[in-house]
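The values are calculated or read from the model by the stated rules, or taken from the named source; none is laboratory data. The structure presented is a predicted model; accordingly, all values stated were derived computationally and were not measured. No Cβ is skipped: glycine too gets one built from the backbone with ideal geometry, and neighbour counts run over all protein chains shown.
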Amino acid sequence: MLKEFKEFISRGNVIDLAVGVIIGGAFTAIVTSLTTNIINPFIGIFLGKIDLSKLSITIGQATFKYGAFLNSVINFLIIAFVVFILIKIINRLVKKQPQTPVVDRKEVLLSEIKELLEQQNK
């Protein structure tokens, strides 16, 4: 079981996934900073409030912090757009290789036998 785990963890896909998660976390921090420190103040100029995260509505004893939700939506849209652009770039860089048809070994052997039989019958 330990050997199987070692094989699993050392596979390229797992390592690539780990790198992706780490890079994604760092990228999320950058996007959050961009949203909080640049985009929100810019939007705040038009709304009259610089810090969108403090926007809220209180109904009875419930407080709805829609400003924090707006921050999350802006972060998501930025991240989704950047991932979309990256995927488009990667797809352009990676040329699609023509797929070679998979030939069954049995078919190859049968065709060779057929050719040999045809040659013997001539």
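When every residue of segment 79-87 is checked against the conditions, at least one turns out to be surrounded by 10 or more Cβ atoms within 10 Å (Cβ to Cβ) and touching a helix residue (DSSP H, G or I) at 6+ places or on another chain (Cβ under 8 Å). Listed by position, the helices (runs of 4 or more DSSP H) contained in segment 1-73 that have at least 3 residues being more than 25 Å from VAL83 (Cα to Cα) and not charged (D, E, K, R) are 2-9, 40-47. All conditions but one from (1) more than 25 Å from the chain's Cα centre (by Cα); (2) exposed (fewer than 10 other Cβ atoms within 10 Å of the Cβ); (3) part of a helix (DSSP H, G or I); (4) at pLDDT below 85 apply to ARG92; the one that does not is (1).
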